[in-house]
Amino acid sequence: MTSAQLINQTSSEVEWFTPMPIIEAAIECMGFIHLDPASCKRANIMIVGANRFLTKLDDGLSHQWNALTVWLNHPFGRKSTPLWIEHLLNDYDDGRFKQACTITYASTSEEWFRPLLKFPQCFLHGRTNYISEATLKPVRGASKGSVVTYLGPNVRKFRQAFSKLGTVKVEYK
C-alpha cells in the first residue's frame, strides 16, 4: 500500500500532520488552540501549538475535553473516525468547550458525518496533502477531499478565516 493510500485507510502506522495554513485559519477563527486531544509532541511543537495536547498513549477518547477551544485532527480510520466525532459532539453538547475545529474527509455518505452537516463547514479546495511525520513532507495522492467543521458561536470569523482555503457553507434555515 502506498503512503497516499495509507492515509485513506488508517493512521495506526503513520502520524499525519495537518498543513500549516489550515491550523493558521483555525487559530484566526478561534483565537488560539487550547487542546489538541489527538496529537503527538512533534506535531504540537512544529505545527499546532496547543496549550495542551493528548498523545496516543494518553488516549484522548478516555478524557473529557474541558477546554476553551479544541482542534481535532483525529486518527483517520474507518473504525476510529466515528468514535472521535461522537466524542467531539458529546463534549460540545455537554458544554466542555466553547469552540472547536475538526478536519475530516468530506465523507458525506457516512453516518458519522451527517451530524456535522448542521455546523458551519469549509470544503477545502483540492485534495489536502497531509504531512508525513516520517519525512515532514506533504504526501500527495489522497483519494478524498477534506472538510473543516466548526462548532461554536463565531461563524463570521470562521467564514473569514477559512474562505481563502475553500468553500464555506452554513446551515440553511
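Taken together, the values in this text are just the output of simple stated rules run on the coordinates, not laboratory data. Given the structure is predicted, the values throughout are model-derived calculations rather than measurements. As a convention, Cβ positions derive from the backbone with ideal geometry for all residues, glycine included, and neighbour counts pool all protein chains shown.
Looking at region 3-169, how many pairs of lysines come closer than 16 Å at the Cα, when each pair is eight or more places apart or spans two chains? Mind dumping the intermediate values first?
Values: LYS41/LYS56; LYS56/LYS79; LYS98/LYS157; LYS118/LYS169; LYS157/LYS169.
So the count works out to 5.
For region 115-156, the Cα gyration tensor yields ellipsoid semi-axes of 26, 12, 8 Å (square root of five times each eigenvalue, largest first, whole Å). Extending 7 Å from Cα along the Cβ direction at HIS125 and again at ASP59 yields two label points whose distance is 4.3 nm.
Report the FRET efficiency, 1/(1 + (r/R0)^6), for LYS98 and ARG159, where r is their Cβ-Cβ distance and R0 is 22 Å, rounded to 0.05.
Details: r = 18 Å, r/R0 = 0.81.
After rounding, the FRET efficiency stands at 0.80.
Whole-percent P(r), region 29-100, all Cα pairs, 5 Å bins from 0: 3, 18, 30, 27, 17, 5, 0. Per-residue Karplus couplings for region 164-170, computed as 6.51 cos²θ - 1.76 cosθ + 1.60 with θ equal to phi - 60°, are listed in order as 6, 9, x, 8, 9, 10, 10 Hz, Gly and Pro entered as x.
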